[in-house]
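Okay, handing you the structure first.
Values quoted throughout were computed directly from the atomic coordinates according to the rules given, and no laboratory measurement underlies them. Just so it is clear, the model here is predicted, and its values are computed rather than measured. Don't worry about glycine lacking a Cβ; one is built from the backbone with ideal geometry, like all the others, and counts go over all protein chains shown.
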Amino acid sequence: MTRSWGYAAAKAKAPLAPFKFQRRDPGPGDVVIDIQYCGVCHSDIHQTRDEWGGAIFPMVPGHEIVGRVVHVGNAVKNFKPGDLAAVGCMVDSCRVCPSCKHNEEQFCETHTVFTYNCLDNNGAPAFGGYSNNIVVDQAFVLKISPKLPLAAASPLLCAGITTYSPMRHWKVQKGKKFGVVGLGGLGHMALKFGRAFGAHVVQFTTSPGKKEDALRLGADEVVLSTDTADMDRHINTFDFILDTVSADHDLNAYLSLLKRDATMTLVGIPEKPAAIPAGSLIAKRRSLAGSTIGGIAETQEMLDYCAEHGITSEIEIIPIQKINEAYERVLKNDVKYRFVIDMASLPMQ
Ligand code: NAP
Ligand code: ZN
Ligand code: ZN
């Protein structure tokens, strides 16, 4: 077995603490990565608190993983020791269902193996990236350009692809009015992509103090969503809205801003269900949709796009010992705009 160590939650809402565990011995198709940085996603917080139900403990969170390859199995084609490599939210799937065949492994009809809080195809628990290393099948390992600063690139593996994929699917581009709800880890990546894709970008925020940042990061306009008059100026004008909010909020206020036939897509996953009166949708044949991460091929496309266009995340690097404090700060909306753990801080075991 592969000796691993990291930080885990022993049970729901328990603070993360040092944890030793084992990963499988690398097989012929496996890549072993020494993890250098791992981003801190709000999904890590939802799951360590079991806010979505069914959580598996002990839980080593982390799905924004970047590092260096230290070993490859003899059937591995595209990686060699010393290469930079990255792993996102998935580490396996069935590979033969229609969704897998369509390069959308996140929608696998049999079983997507998520990077943690999930059982793998052999029934063993998957452990995530708040750790020293990871063993992953080559088909789920991404290439990362040396042009990208490594720590600031790690959030691309979740916050990046989760916003890039729906923005491509719903064709955010020049001539379109695009709204981003929530300026957090996901929201600030959506802003950057919106600017890069040439759309007219409007940032919605509940935080007056984030206005200057939103403009700097690429917003053409910033709307304080608590200001009804400011919201009303945008009624019936948006081609697409991406909602990244992590907590309960009123979706109807945003649905009324969509044009006829336009779509609002949810990527945020609040603990409680939303209430949507039919009137919010039928008046202008509006659609409310959802999206989750993106397939492996599209994740590689996004990483290559970011390398070409110099797009990375705004980060604050922390040692692993500050992880519980970082979670509290995310919950207090005090992060600009992604914490990234420097895994060099993890003591050797
Ligand atoms: P985050 O950094 O905490 O950002 C969330 C933002 O939502 C905050 O910055 C804040 O923006 C806004 N917000 C927070 N509380 C609010 C409230 N009570 N009312 C209104 N707005 C509020 O979180 P994140 O890492 O970007 O993740 C966002 C959500 O996406 C989480 O639920 C996460 O689990 C989910 N997620 C989903 C996927 C997927 O595949 N679908 C992938 C990754 C993450 P303002 O200060 O600007 O208002
Ligand atoms: Zn995530
Ligand atoms: Zn499948």
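For the range 59-217, I need the span (max minus min coordinate) of the C-alpha atoms along each principal axis, in Å, sorted largest to smallest.
50, 34, 30
Tally Lys and Arg at +1 and Asp and Glu at -1 over the other residues with C-beta under 14 Å from the C-beta of residue 217: what net charge comes out?
Around residue 217, the surrounding residues sum to +2.
Can I ask one more? Between 6, 99, 54, whose Cα lies farthest towards the positive end of the dipole of the range 1-127 when Lys and Arg beta carbons carry +1 and Asp and Glu beta carbons carry -1, centred on the Cα centre?
6
Counting Lys +1, Arg +1, Asp -1, Glu -1, what net charge surrounds residue 282 among other residues with beta carbon under 15 Å of its beta carbon?
Once positives and negatives cancel, what remains is +4.
For the range 260-275, take each phi angle, set θ = phi - 60°, evaluate the Karplus expression 6.51 cos²θ - 1.76 cosθ + 1.60, and give the result in whole Hz per residue in order, putting x for glycine and proline.
4, 6, 8, 10, 10, 10, 8, 10, x, 10, x, 5, 9, x, 8, 9
Using modelled amide H (1.01 Å from N, peptide plane; none on Pro or chain starts), what sits under 5 Å from the amide H of residue 318, excluding residues fewer than 5 places away?
Result for residue 318 returns 340, 341, 342.
I'd like the distance separating the alpha-carbon centroids of the range 30-89 and the range 237-313, in whole Å.
Cα centroid to Cα centroid, the span is 26 Å.
Oh, and also: How large is ³J(HN,Hα), in whole Hz, for each residue of the range 135-151 in order, when computed from phi with the Karplus curve 6.51 cos²θ - 1.76 cosθ + 1.60 and θ = phi - 60°, using x for Gly and Pro?
10, 9, 4, 3, 5, 10, 9, 9, 8, 10, 5, x, 5, 8, x, 5, 4
May I pose another question? Shape of the range 160-290 from its Cα gyration tensor (a ≥ b ≥ c, root eigenvalues): rounded if a/c is under 1.5, otherwise prolate when a/b > b/c, or oblate?
rounded
Expressed as an acute angle from 0 to 90° and rounded to the nearest 10, what is the orientation of the C-alpha long axis of helix 296-309 relative to the principal long axis of the chain?
70
Further question: Mind checking which of 323, 282, 269 has the largest fluctuation in a GNM of the chain, springs on alpha carbons under 10 Å?
282
Can you list the lysines whose alpha carbon is less than 27 Å from that of residue 177, not counting same-chain residues fewer than 8 positions off?
Reachable lysines: 192, 210, 211, 259, 284, 336.
Can you tell me the equivalent ellipsoid semi-axes for the chain? Use √(5λ) from the Cα gyration tensor, largest first, whole Å.
Working through the eigenvalues yields semi-axes of 34, 21, 19 Å.
Take each of the peptides 292-298, 233-239, 256-262, average the number of other beta-carbon atoms within 10 Å over its residues, and list them starting from the highest.
Packing order, densest peptide first, comes out as 292-298, 256-262, 233-239.
Sticking with this one: Arrange the following residues from fewest to most other Cβ atoms within 10 Å of their Cβ: 348, 189, 231. Mind dumping the intermediate values first?
Values: 348 5, 189 31, 231 17.
Arranged by neighbour count, lowest to highest, 348, 189, 231 become 348, 231, 189.
Further question on the same structure: Residues of the range 282-313 with the amide nitrogen closer than 12 Å to a label point 7 Å from the Cα of residue 173, along Cα-to-Cβ, please.
Backbone N within reach: none found.
Using 7 Å Cα-to-Cβ label points, what is the residue 226/residue 269 separation (nm, one decimal)?
About 2.9 nm, to one decimal.
Which net charge results for the neighbourhood of residue 19, defined as the other residues with beta-carbon distances under 15 angstrom from its beta-carbon, given Lys and Arg at +1 and Asp and Glu at -1?
So the surrounding residues net to +3.
If neighbour count is taken as other Cβ atoms inside 10 Å, put 176, 332 in order from fewest to most.
Lowest to highest Cβ neighbour count: 332, 176.
Under 18 Å Cα to Cα from residue 80, which lysines show up? Leave out anything in the same chain fewer than 8 places away.
Partners within reach: 143.
Report, in debye and to the nearest 20, how large the dipole of the chain comes out about its Cα centre when Lys and Arg carry +1 and Asp and Glu carry -1 on their Cβ.
With only Lys, Arg, Asp and Glu charged at Cβ, the dipole is about 360 debye.
Once every DSSP H run of n ≥ 4 in the chain is given -39500 (n - 2.57) and the sum is divided by its residues, what mean residue ellipticity at 222 nm do you get, rounded to the nearest 500 deg cm²/dmol?
-6000 deg cm²/dmol
If you put +1 on each Lys and Arg Cβ and -1 on each Asp and Glu Cβ, how big is the dipole of the range 160-290 around its Cα centre, in Debye rounded to 20?
My answer is approximately 600 debye.
Okay, next question. Just to check I understand the Karplus step: with θ = phi - 60° and J = 6.51 cos²θ - 1.76 cosθ + 1.60, what whole-Hz values come out for the range 71-77, glycine and proline as x?
Karplus-based 3J(HN,Hα) across the range 71-77 equals 7, 10, x, 6, 9, 6, 9 Hz.
Give me the extension gain from residue 107 to residue 20: residue separation times 0.36 nm, minus the current Cα-Cα distance, reported in nm with one decimal.
Result for the pair: 28.2 nm of gain on full extension.
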